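These notes are about the structure you will find just below.
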Amino acid sequence: MRIEIFDIPVDNLTKEEAIKYIENLLEEDKPHFAVAINPEKAMKAYNDNELHDILKNSHLNFIDGVGIIFAAKLFKGIKIKERLTGIDLFTELLKVSEEKGYKVYFLGTKEESIKKAIENIKNSFPNLKIAGFHNGYFEDEEKIVETIAKSDADILFVGMGSPKQEKFIYKNLGKLNVKFAMGVGGTFNVYANEFRRAPHIIQKLGFEWLYRFVLDPKRLPRILSLPTFLKEAFKRRFTPKKVIEFLGIKVSNRTIEENLEIVEQFIKEKKFHLIVTINGEMLSRAISEKDFLNILKGADLVIPDGIGVVLGAKRFGERITQRIPGIEFAWELLNLAEKRQYKVFFLGAKEDILQSAIKTIKENFPNLQIVGSHNGYFTNDREIRDIIRNSKPDILFVGMGGIKQEKWIVQNKDLDVPVNIGIGGSFDVWSGKVKRAPSWVRKLGIEWLYRTVTQPERIFRLKNLIVLSFKLITGRIED
């Protein structure tokens, strides 16, 4: 499972899971790379935009650092399955490469060190196919890249120190002609017997950093990155992000007022924008329906409407503090439209319900410019499209039920309407046909239960919420 620590994605995997994932990557016909994530690298990325972009785009960010484990538990409430050091993953990949016949290339450290490391590697893995090697001290980068590309290696290990090794890999990934690349830091020096690893018990306790410091006091500046990292992580813990991303969906964590400011900008841009107010049922469907998930990923503004979304974000270590029911946001959007004289069009519900809803809207917003409306029961899409296009609204409110309405909006994105929003059953509520739950029920996040009790026909829709709850509890939602 991929979570975010310090705005950096990290993969919460065991060693076995990481190896299996890499083996799957090796079966694909495109290059991939992995990065070891520790507090020092996270702090470097905080001040180095290039490194930050590399970590955001890495195919595997494995957790090599007790500080990351601590931060995940303390600030995200997530237990990291296993700390996976770069040298341990390197060793496991050598073992797999020997078994599966993958060819490897080694790049890094001094000439005598890399030769000694390879000698010891051959002793441990006599059947390993080594496609080539080169020290890390070279001036002609293009020549090195060309040499690696011609070696026909499957896996490239680069030990040039961070972030130099990550930048080399990322810059040249498309030209190296390897399926998988990974920075390994000082691993070659350990295999050359120049550095000693901490005893196993110290590694298990997470104090390898202290052991290495005692042997090499010059590492003090690197050690100090840990408290700096934890301090920054603590500060961020209490500064909620404006946008929270999980499952590739960018969910707004802003106030209603901040979201309305974004809508105003959308209208100024005079191009298509999709606003989605997402609830647990929609999230559950998105997990199983790729086409709908892609719609959510491409939405311009996704507003969290439902406790299921809050819990879903929490599963990925994210904290949503601004849950906004879709009907409340839509009402505030009408208020904004009246103030700014934006033109609106209503589409959805049965004709009598729609007209009753419009009556209520006019009573509350007498100066609102309503340029048109149509019920949601139509068979001639072209006719409806022409009506909407000729009306030239700034905002289109579509109430056809979650998922159906978003799909319709995207399929008809060429109507020249700047802001398009699905509002589910809001017309039913505004018409007086359906009552909202009492405020205390809404605050508890169980409005879905109230609506099921008062509208028994909704019982079948509970299936999606039950499925979502099961996946949240069992951890079967994967990013």
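Data table
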| quantity | calculated |
| --- | --- |
| Residue pairs meeting the criteria (Cβ under 7 Å; at least 6 apart or on separate chains; first surrounded by fewer than 18 Cβ atoms within 10 Å (Cβ to Cβ), in region 417-438; second at pLDDT 95 or above and not polar (S, T, N, Q)) | K433/I353 |
| Sole residue being farther than 25 Å from V302 by Cα and in the same structural domain as T277 (by TED's automatic domain parsing), chosen from V371, V344 | V371 |
| Residue list for region 66-119, restricted to those being in contact (Cβ under 8 Å) with a residue 60 or more places away in the chain and part of a loop (DSSP other than H, G, I, E, B) | G77, I78, I80, K81, E82, R83, L84, T85, Y102, T109 |
| Any hit, region 300-307, residues being in contact with a helix residue (DSSP H, G or I) (Cβ under 8 Å, 6 or more places away or on another chain), over 29 Å from I8 (Cβ atoms) and assigned by TED's automatic domain parsing to the domain that holds I395 | no |
| Breaking point among (1) within 21 Å of the chain's Cα centre (by Cα); (2) crowded, with 21+ Cβ neighbours inside 10 Å; (3) under 27 Å from V310 (Cα atoms), for A45 | (3) |
| Residue selected from region 1-41 under the condition of a type in the set (D, E, K, R) and in a loop (DSSP other than H, G, I, E, B), by the criterion surrounded by the most Cβ atoms within 10 Å (Cβ to Cβ) | D7 |
| Filter result (polar (S, T, N, Q), outside any helix (DSSP H, G or I) and at negative phi) within region 337-376 | N367, Q369, S373, N375 |
| Long-range neighbours under 6 Å by Cβ, at least six apart or interchain, first residue of a type in the set (D, E) within region 144-172, second assigned to a helix (DSSP H, G or I) and at pLDDT 95 or above | E166/I54 |
| Any hit, region 121-130, residues being within 19 Å of M182 (Cα to Cα) and touching a residue at least 60 places away in the same chain (Cβ under 8 Å) | yes |
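Residues checked against (1) among the charged types (D, E, K, R); (2) over 21 Å from A192 (Cβ atoms); (3) surrounded by fewer than 12 Cβ atoms within 10 Å (Cβ to Cβ):
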residue	(1), (2), (3)
I114	no, no, no
A117	no, no, no
K122	yes, no, no
P126	no, no, yes
G132	no, no, no
G136	no, no, no
K143	yes, yes, yes
A149	no, yes, no
I155	no, no, no
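The values are calculated or read from the model by the stated rules, or taken from the named source; none is laboratory data. Predicted, not measured: the structure shown is a model, and the values here were computed from it. Every residue, glycine as well, gets a Cβ built from its backbone with ideal geometry; the counts of neighbours run over all protein chains shown.
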